[in-house]
Amino acid sequence: MAYYHGIKTRQVESSIATPTTAASGVTFVVGTAPVQMIGGVNTAESGNPVYKYQNIDEPIMGMNEAEAVAALGYSDDWKKYSLCEVMYTHYRLYATAPVFFVNVLDPARHNLSMAAADYPLVDGRAKLSIDAIAESVIITGYTKGEDYDLFYDGENLIIEALPGGNIDTAETPLTELEIAFDKVDPTQVTKADIIGGFNITTKKTTGFELIEAVFPKYGIVPDILICPGWSSDAEVAAIMSAKATSINGVFEAKALIDVDTSVVRHYADVIAWKNEQNINAKTQALCFPMCKLGDKMFHLSAQMAGLMATVDDKNGGCPAQSPSNNLMQINGAVLKDGTEVLLDLQQANYLNSNGVVTVLNFIGGFVLWGNETACYPANTDVKDYFISNSRMFGWVGNSLTLTYWSKIDGKLTRRLIDSVIDSVNIWLNGLVSEEKILGGRVEFLASENPVIALMSGKAVFHIFLTPTSPMKEVEFILEYDPSYVAAALTM
């Protein structure tokens, strides 16, 4: 030992780990966005330009509307551009973030060529629809940058005559321009694009497979999966459920699925459709019908995701409370064609009793109505069929994974085991005191940790957990008590 004279200190690792709680109410959505508004990059070294567009099949994190619009563009035409519905819902109506977007619409692939035609020129400007791809515009007899420029504004691509250019200085004022262009065609997007996969040729992951890239890239675990306009497809719903079951092999989420209201027009037909589509997993919440606010129509899954995030935030970023019976940002329930849907309490409860979430305008305005996941009534395990309970189990599991991942490959000692037990119990006790759970504890049971397993490096910690179930039924018993007559009226 080296000679030392004086005082010195050293630090040891704390025996109690500070918990890393998983994010809650974080939405991951796959769909289409008007990325032609962002512009393409010419990738051709010579000859005719070949444009590549940004943010195609890439997980994009939007912490606010400005970030999302800057990366993906925005349009009020949600039938064509489904990601914009989620931007509007989450940022404007529910003020919640972050949201992870995957756009599968590629202007370089999903497009149509429009033959040259005459378009009106008014006050030095001609207008094309927002679908027009700026890089493809050709105006007969004129040159971009010299005679005109282009920019997107609202729902249009604007062609503006430049001062001093040939359009601006024409001897006879021009009233129209002959324009040819390509436009994006979202109808060419298929469910194969939405589902995605791994392309062996390009070595690129696409569609819903990109949920696996969110945590490695951003360090955040999405726990709500939606796909407005596509989730009513049985195959897409199945893929969403599978992904929600195991993200990165360790995390859990919930997939919010929409009933196809172009096919199912009456609440009584929802259950048969649910069974035909095989939507019956604890990782799924089935939504019927659509809803509206003013003249805007929303998929219920998008509204439900925003509401869940808001309720979670009110509970300290924890999914302990059911989103049911919380006010939504809507003023009506509708079918896909806009037909109004009026559900009374009995009809809404019928849907709930079959594992379907709906909306109800009964007392105090429109609320989300329903506590059950799609596995109900086939599965009556309370930890699976209550949305809040099921999400709590997933959230606790996700949080434990984040907290103790750093312990993997550490020395399996009694000190390490006791450290995990103590720190988990402290965390669970904190959740009890915050009324997020009724009770919880962790035990290291000998029956689950045989010597041979410990020798091979496997340790099993048994978590006992009781979330707070939603009080979905209240009964007041009214009884006439004649004793009050005597007390009030006799001397």
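The values are calculated or read from the model by the stated rules, or taken from the named source; none is laboratory data. Keep in mind that what you see is a predicted model, and the values were worked out from it rather than measured. Please note: Cβ atoms are built from the backbone with ideal geometry, for glycine as well, and neighbour counts cover all protein chains shown.
Have a look at Ala285, Ala268 and point out the one that is more than 21 Å from the chain's Cα centre (by Cα), assigned by TED's automatic domain parsing to the domain that holds Glu209 and among the hydrophobic types (A, V, I, L, M, F, W, C). Full working, then the answer.
Details: Ala285 fails: more than 21 Å from the chain's Cα centre (by Cα).
Just one listed residue meets the conditions, Ala268.
Out of the residues in the stretch 112-134 that are surrounded by fewer than 20 Cβ atoms within 10 Å (Cβ to Cβ) and within 33 Å of the chain's Cα centre (by Cα), which is farthest from Glu176 (Cα to Cα)?
Leu112
Out of Ile279, Ile271, I need the residue that is within 20 Å of Gly355 (Cβ to Cβ), β-branched (Val, Ile, Thr), at pLDDT 95 or above and not in a loop (DSSP other than H, G, I, E, B). Which one?
Being within 20 Å of Gly355 (Cβ to Cβ), β-branched (Val, Ile, Thr), at pLDDT 95 or above and not in a loop (DSSP other than H, G, I, E, B) holds for just one of Ile279, Ile271, which is Ile271.
Can Gly410 be described as surrounded by 21 or more Cβ atoms within 10 Å (Cβ to Cβ) and farther than 27 Å from Val341 by Cβ? Reasoning before the result, please.
On the way: surrounded by 21 or more Cβ atoms within 10 Å (Cβ to Cβ): no; farther than 27 Å from Val341 by Cβ: yes.
For Gly410, the condition - surrounded by 21 or more Cβ atoms within 10 Å (Cβ to Cβ) and farther than 27 Å from Val341 by Cβ - is not met.
Sort out which residues of the stretch 59-78 are touching a residue at least 40 places away in the same chain (Cβ under 8 Å) and more than 25 Å from Glu209 (Cβ to Cβ), and write them in order of number.
The initial filter retains those residues of the stretch 59-78 that are touching a residue at least 40 places away in the same chain (Cβ under 8 Å), namely 59-61, 73-78.
Scanning the stretch 59-78 gives Tyr74, Ser75, Asp76, Asp77.
For the stretch 127-243, which strands (runs of 3 or more DSSP E) that fit wholly inside it have 1 or more residues that are closer than 30 Å to Met290 by Cα and not β-branched (Val, Ile, Thr)? Don't jump to the end; show me each part of the working.
On the way: elements: 148-153, 156-161, 176-184, 197-199, 204-206, 224-226.
Ranges flagged: 148-153, 156-161, 176-184, 197-199, 224-226.
Identify all residues within the stretch 141-163 that are within 17 Å of Val122 (Cα to Cα) and either surrounded by fewer than 14 Cβ atoms within 10 Å (Cβ to Cβ) or of a type in the set (A, V, I, L, M) (or both); write none if there are none.
Across the stretch 141-163, the qualifying residues are Leu150, Phe151, Asp153, Leu157, Ile158, Ile159, Ala161, Leu162, Pro163.
Which of (1) of a type in the set (Val, Ile, Thr); (2) at pLDDT below 95; (3) crowded, with 19+ Cβ neighbours inside 10 Å does Thr89 not meet, given it meets every other one?
(2)
If you take the residues of the stretch 282-313 that are acidic (Asp, Glu) and in a helix (DSSP H, G or I), which of them is surrounded by the fewest Cβ atoms within 10 Å (Cβ to Cβ)? Outline the logic, then answer.
The first filter runs over the stretch 282-313 and keeps only residues acidic (Asp, Glu), leaving 295, 312-313.
Now drop any that are not in a helix (DSSP H, G or I), which leaves 312-313.
On the way: Asp312: 25, Asp313: 15.
Only one residue fits best here, namely Asp313.
Name the residues in the stretch 51-66 that are of a type in the set (Asp, Glu) and within 21 Å of Pro107 (Cα to Cα), would you? Reasoning before the result, please.
Here is the first cut: in the stretch 51-66, the residues of a type in the set (Asp, Glu) are 57-58, 65.
Asp57, Glu58, listed by residue number.
Each row is one residue, and each column tells you yes or no for (1) over 30 Å from Ser324 (Cα atoms); (2) of a type in the set (Val, Ile, Thr); (3) free of Cβ contacts under 8 Å to residues at least 12 places away in the same chain; (4) surrounded by fewer than 15 Cβ atoms within 10 Å (Cβ to Cβ).
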residue	(1), (2), (3), (4)
Arg414	yes, no, yes, yes
Val424	no, yes, no, no
Trp427	no, no, no, no
Glu434	no, no, no, yes
Glu448	yes, no, no, yes
Val460	yes, yes, no, yes
Pro467	no, no, no, no
Val474	no, yes, yes, yes
